[in-house]
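All remarks here apply to the structure that follows.
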Amino acid sequence: MPAVPAPAPLPRSFYDRPTLEVARDLLGCHLIVDDGQQRLIGRITETEAYLGFMDTACHSSHGRTQRTEVMFGPPGHAYVYLIYGIYDMLNLVTEAVDDPCAVLVRAIEPVQGEDTMIERRNGKRGRDMLNGPGKLTRAMGITKAAFNHCDVCSGEGIWIEPGTPVTDDDIISGPRIGIDYAEPEHRDAPWRLRIATPQLRRQLERKAAQQNAK
């Protein structure tokens, strides 16, 4: 049986940068979860940046709480929280200590362990299997209980590795989702970043045509 390659997680310096840069550079990288028995890998295709105190869509803008404590710590840690009591959301802490910013991982595509992902998603396949932050955590087995506060630079349990680089021409930016409570300048900021697949381009073109026809 071939030896499993040693983890090569992205270094802490990758996360210790402006959050929008990290959100952009995570596109194309590989999200890895390894429980010691199997290794699941997904290529990151969508992210959202949350810019700390100045961003009213960001949890930490309301101050330091037990929930957001990890965001105030060193970069390169996982901030996993639960919404609606059902969906775990994976965020990666960025920037310096006490500058509480993070990037939400919104979507991935399978690279390794797809059968396990399909099973955990109750038979879902294709685009709908992993095209949402709650969907991908369910498929990858990422929970708040298991991974909140985890050091993603350690190469243990959960981490990010370099994947396939993405050019600027292949990235589409737009407003983030589900933040109606935020101030307009933050609600409308183009801080949601997606790899522009042909399918996504067609979808956006159809949407634009429908809006223009009104």
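The values are calculated or read from the model by the stated rules, or taken from the named source; none is laboratory data. This structure is a prediction, so every number in the text was calculated from the model and none was measured. Ideal geometry is used to build each Cβ from the backbone, glycine not excepted, and the neighbour counts take in all protein chains shown.
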(1) more than 22 Å from residue 24 (Cα to Cα); (2) touching an Asp or Glu at 6+ places or on another chain (Cβ under 6 Å) all hold for residue 101 apart from (1)
Whichever residue in the range 40-68 is touching a residue at least 24 places away in the same chain (Cβ under 8 Å) and charged (D, E, K, R) and, among such residues, is surrounded by the most Cβ atoms within 10 Å (Cβ to Cβ): 46
Filter the range 58-70 down to residues that are closer than 23 Å to residue 135 by Cβ and in contact with a Gly (Cβ under 9 Å, 6 or more places away or on another chain), then give me how many there are. 1
Please go through the range 123-153 and pick out each residue that is surrounded by fewer than 18 Cβ atoms within 10 Å (Cβ to Cβ) and out of contact with any Lys or Arg (no Cβ under 9 Å at 6 or more places or on another chain). 123, 125, 126, 127, 134, 143, 144, 145, 146, 149
Residues located in the range 30-76, provided they are of a type in the set (Lys, Arg), over 19 Å from residue 151 (Cβ atoms) and touching a strand residue (DSSP E or B) at 6+ places or on another chain (Cβ under 7 Å): 43
Please list, ordered by first then second residue, the pairs with beta carbon atoms under 7 Å, 6 or more apart or interchain, first in the range 127-140 and under 14 Å from residue 115 (Cα atoms), second of a type in the set (D, E, K, R) and modelled with pLDDT of 95 or more. 129/121; 129/135; 130/109; 138/120; 138/121; 139/120; 139/121
Residue 113 vs (1) within 18 Å of the chain's Cα centre (by Cα); (2) surrounded by 15 or more Cβ atoms within 10 Å (Cβ to Cβ); (3) over 18 Å from residue 162 (Cβ atoms): all pass except (1)
Odd one out for residue 149 among (1) closer than 18 Å to residue 30 by Cα; (2) assigned to a loop (DSSP other than H, G, I, E, B); (3) touching a His at 6+ places or on another chain (Cβ under 7 Å): (1)
If we scan the range 24-40, do we find a residue that is over 14 Å from the mean Cα position of the chain (by Cα) and among the aliphatic types (A, V, I, L, M)? yes
Give me a count of the residues in the range 152-170 that are of a type outside the set (Gly, Ala, Ser) and over 15 Å from the mean Cα position of the chain (by Cα). 9
